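Data block below; observations after.
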Amino acid sequence: MDAPTQQEASSSAIEIGEITKMIAEKKGCGSGRAGCGSQASRNDLPAETWEKVKNHPCYSEEAHHHYARMHVAVAPACNIKCNYCNRKYDCANESRPGVVSERLTPEQAAKKVVAVASTIPQMTVLGIAGPGDPLANPEKTFKTFELVRGAAPDLKLCLSTNGLALPDHIDTITKFNVDHVTITINMIDPVIGAKIYPWIFYKHKRYTGIQAAKILTDRQLQGLEMLAARGVLCKVNSVMIPGINDRHLLEVNKAVKSRGAFLHNIMPLISSPEHGTVFGLNGQRGPTARELKALQDGCEGEMRMMRHCRQCRADAVGLLGEDRRAEFTTEEIMEMNVKYDVESRKGYQAKIEEERAAKTAAERADLTKRADNGSDLKLLVAVATKGAGLINEHFGHAKEFQVYELSSGGAKFVGHRRIDLYCQGGYAEEGCLATIIGAISDCHAVFIAKIGGRPRAELIKAGVEPVDQYAHEPIDKATIAWFEAYLDRVNSGTIQHEERGDAAIRPRALTSAA
Amino acid sequence: MPFKIIASQCTGCSACEPECPNVAIAEKGGTFVIDPKKCTECIGHFDEPQCVAVCPVDNTCVIDTSLARYQEPA
């Protein structure tokens, strides 16, 4: 393989400086929203939209800490071929789109949904996201929706599609009152599309090259417009592929916004050779953390960006980043006799809302405290958390780190770094530690509840400050307190502020996944 | 000659099954098989064999050269 390696940036890849300049010219959030970015709050969304997304973990960064979703894998067939997908590969430990361990019939799926929603009362959303394309399996997809609507009427229904068949199914989508649709749109230029999609299957014919990509983009944008006109909330997913569509995604962002998409989720390409995808095998690299953030920031003035996506499996269950699908095997569920109690679910969710309201009020009070401290310094920190907005995870137990950007404006969530896949099953601690540090080496500090001597020393050596003095405290408050102390140290000359390097979003596996 | 599905290549995704105009494709133990008696290579229905056109794995739906060409039942 002569293609560029993970480390070598392709010459046509996005230039950070260029994007940063563009953002500076726009002066950040051009729209003047309070709290720009992915932190969906009441302030920066129309009331009607907020009402729809406030309990949806995939649409609201705030909600994903409180509410869970479930995907059912009823739709294995697909009608397009993407160079970043390989349908033959399945690993139980792997979390990425298109991966499932078993497929369900609509009847099995509906039963599983009822069982899971009865066990996890914070589950509010049932999504169908493949493993193929739900609209290439319209009968299975809509039969599942019909059964779930009948058995668990309080659940929100959600659909993720490549958009090729979307215009044909708008009436059915509205008939089943599907709340949210995600369309994966990676290009609006067929010349670029031809590099991502080798073929599509449309109207009983296989189309290839630019002609295929032209049909696909026309159908995607048409479907988006039709859904927006019917008031169905639409999110757009885009896979960032360095050297192919990275710059182009700025144009995609404008195009989908003007057609009514309300949220844009730019995800990094996953392309390990062991996944056996075309991109994985031809050495196409994924973006680095800095490249991804620069592009997300560059699009942010145009519209809301989603940054908390975990690129989950098509059969994931539970809170984002905490997959509980192993607890619900189909065999057990089919034998269960579950009573679905809407009232008790409502009661549980009312409690969540109470806690949320109290937390929001406390955060508001806190925000007024941290007025502009006069510094234009911005830096990233990583946080180990088990949820509830607290620094409450040990360094060695963390499966992912949440990354916050600290500035005079406060702590802003900008993404997360997964590490769980690379440190399981007795890999050498040394290699594992290096992988973890590589995943957060663009951060100035890492906040943890506890940390051992060895990793502490290694982090310091790598220039990342391990901070454990705020154990079990709220993330926002602690990181800002640390940031203010950091600024004091810089101002007093105790330390010198230095820019950090780049980081790997999904570090390559140390060995191929078992 | 009818098409056949190479079982070791088939991912069992089911994309081919609803596309077959002759209802010649069915699941068998997680993968799909074509009934050679029903397969007409889509002649008279479509320009190209539908199972070949929709299958996500290349060279999985192939002509079964060991069998005779399709003939209308007498």
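Assorted remarks:
- Within the range A:63-78, the residues that satisfy the criterion of being at pLDDT 90 or above and more than 14 Å from chain B (Cβ to nearest Cβ) are A:M70, A:H71, A:V72.
- Enumerated strands (runs of 3 or more DSSP E) restricted to the range A:186-255, each holding at least 1 residues that are surrounded by 17 or more Cβ atoms within 10 Å (Cβ to Cβ) and within 14 Å of another protein chain (Cβ to nearest Cβ): A:199-202, A:205-208
- Pairs are defined by a Cβ separation below 9 Å, a sequence spacing of at least 6 or placement on different chains, a first member in the range A:141-166 that is assigned to a helix (DSSP H, G or I), and a second member that is of a type in the set (D, E) and surrounded by fewer than 20 Cβ atoms within 10 Å (Cβ to Cβ); the pairs so defined are A:K143/A:E107; A:T144/A:E107; A:L147/A:E107.
- Listing of strands (runs of 3 or more DSSP E) fully contained in the range B:1-71 that carry 2 or more residues being open to solvent by less than 30 Å² (accessible area, probe 1.4 Å), within 8 Å of chain A (Cβ to nearest Cβ) and among the basic types (K, R): none
- Just so you know, in the range A:121-157 the residues that are touching a Lys or Arg at 6+ places or on another chain (Cβ under 7 Å) and β-branched (V, I, T) include one that is nearest to the other protein chains (Cβ to nearest Cβ), and it is A:V125.
- Any hit, the range A:162-182, residues being of a type in the set (S, T, Y), within 26 Å of A:N86 (Cα to Cα), open to solvent by less than 40 Å² (accessible area, probe 1.4 Å) and in contact with a strand residue (DSSP E or B) (Cβ under 9 Å, 6 or more places away or on another chain): yes
- Hits in the range A:127-139 - residues which are crowded, with 24+ Cβ neighbours inside 10 Å and either of a type in the set (S, T, Y) or out of contact with any Cys (no Cβ under 7 Å at 6 or more places or on another chain) (or both): A:I128, A:A129, A:G130, A:P131, A:P134, A:L135, A:N137
- Scan the range A:309-346 for residues that are within 24 Å of A:Y59 (Cα to Cα), surrounded by fewer than 13 Cβ atoms within 10 Å (Cβ to Cβ) and out of contact with any Pro (no Cβ under 8 Å at 6 or more places or on another chain) and the total you get is 1.
- Residue within the range A:75-96 that is more than 25 Å from A:G286 (Cα to Cα) and open to solvent by 40 Å² or more (accessible area, probe 1.4 Å) present: no
- Residues within the range A:293-335 that are β-branched (V, I, T), touching a residue at least 40 places away in the same chain (Cβ under 8 Å) and more than 14 Å from A:H64 (Cα to Cα), tallied: 2
The values are calculated or read from the model by the stated rules, or taken from the named source; none is laboratory data. Just so you know, these numbers come straight off a predicted model, no measurement behind them. A quick note on method: Cβ atoms are made from the backbone with ideal geometry, for glycine too, and the neighbour counts reach across all protein chains shown. Surface accessibility is based on the protein's heavy atoms, side chains included, excluding ligands, DNA and RNA. Shrake-Rupley method; radii C 1.70, N 1.55, O 1.52, S 1.80 Å.
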